[in-house]
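See below for the structure under consideration.
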Amino acid sequence: MYQLYAYATPNSIKPAIMLEEIAQPWQLHTVNLRQGEQTRDDFLALNPNGKVPVLQDSQTGMVLSESAAILLYLAGKHQALLPSGPQAQARVFEQLFFHASAVSPAFGQAGFFTRLASEPQPLAQQRFSREAMRVTGLLDRQLSDSPWLAGEEYSIADIAHYGWLWRREFAGVSLATFPHLRRWFDLLSARPAVIRATEKINALFIA
């Protein structure tokens, strides 16, 4: 059985969706970021970086952090949601790296400077809000040519991007002017595995 340490964050939803998609038994453990549980010694023993999510594979003893790494581990181990062939796989990796290097930082910083910064910083807010909208436009353009973000098949690339699009309001991003991305998001949101994972992760706000 897999153990997933998580909270209701854009990164935590990704392995939850993947575990539901591959129909593997898993147990969810709350790491309440609002109460600082990510800094407790028992959690830092799992991930010294103090971030969620963390996946523990009870079968192998593997403990893994970083949502993209977790997706790749599960995809490789269960031969699921990762296409075969170097070119198709490279397209998936391209989207994973684009998410990690561009989408996630832009959305996170846009939300921080807009909602959480102790003092107004209009230059930073403008910079990251514009960047969040720019990368959203790139995703929309990608989906104008293909049904999924890495091509013709649903993959872990789509799961990776879903996290921040699911929490897009934090970054002040709307899908109103991005019809292809809206179509993709609605399609993903209707998947039974995504519905189940979202319900479980959303419940952590109450825990």
**Study point:** Among the residues listed as PHE185, PHE170, the single one being of a type in the set (Phe, Trp, Tyr), in contact with a helix residue (DSSP H, G or I) (Cβ under 7 Å, 6 or more places away or on another chain) and without any contact (Cβ under 8 Å) to a residue 40 or more places away in the chain
**Key:** PHE185
Check your understanding: In this structure, does ALA88 turn out to be surrounded by fewer than 18 Cβ atoms within 10 Å (Cβ to Cβ) and in contact (Cβ under 8 Å) with a residue 60 or more places away in the chain?
Key -> yes
Review point. Within the set of pairs 6 or more residues apart or between chains, which connect a residue that is aromatic (Phe, Trp, Tyr) inside the range 110-133 to a residue that is assigned to a loop (DSSP other than H, G, I, E, B) and surrounded by fewer than 19 Cβ atoms within 10 Å (Cβ to Cβ) with Cβ atoms less than 9 Å apart?
Key: PHE113/PRO120; PHE113/GLN121
Practice item. For the range 43-65, state whether one or more residues are hydroxyl-bearing (Ser, Thr, Tyr), within 23 Å of VAL103 (Cα to Cα), surrounded by 17 or more Cβ atoms within 10 Å (Cβ to Cβ) and without any contact (Cβ under 8 Å) to a residue 24 or more places away in the chain. Key: yes
**Study point:** helices (runs of 4 or more DSSP H) enclosed by the range 108-207 - at least 3 residues per element that are within 15 Å of the chain's Cα centre (by Cα) and among the small types (Gly, Ala, Ser)
**Key:** 156-166
Check your understanding: Which ones in the range 91-116 are small (Gly, Ala, Ser), surrounded by 20 or more Cβ atoms within 10 Å (Cβ to Cβ) and under 17 Å from TYR162 (Cβ atoms)?
Key -> SER104, ALA106, GLY111
Study note, to complete from the structure: Result of the Cβ filter at 6 Å on the range 10-26, keeping first residues that are acidic (Asp, Glu) and partners that are surrounded by fewer than 24 Cβ atoms within 10 Å (Cβ to Cβ), at least 6 apart or interchain, is GLU20/ALA193; GLU20/ARG196; GLU21/ALA193
Practice item. Go through (1) aromatic (Phe, Trp, Tyr); (2) under 28 Å from THR30 (Cβ atoms); (3) in the same structural domain as LEU175 (by TED's automatic domain parsing) one by one and return the number of the condition PHE97 breaks. Key: (2)
Practice item. Check off (1) small (Gly, Ala, Ser); (2) in contact with an Asp or Glu (Cβ under 8 Å, 6 or more places away or on another chain); (3) assigned to a loop (DSSP other than H, G, I, E, B) for ALA23 and give me the number that stays unchecked. Key: (2)
Review point. Could you say whether any residue in the range 57-77 is hydrophobic (A, V, I, L, M, F, W, C), more than 24 Å from VAL31 (Cα to Cα) and at pLDDT 95 or above?
Key: yes
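The values are calculated or read from the model by the stated rules, or taken from the named source; none is laboratory data. Small disclaimer: the values here were computed from a predicted structure and weren't measured. Methodologically, a virtual Cβ is constructed for each residue, glycine included, from the backbone with ideal geometry; neighbour enumeration extends over all protein chains shown.
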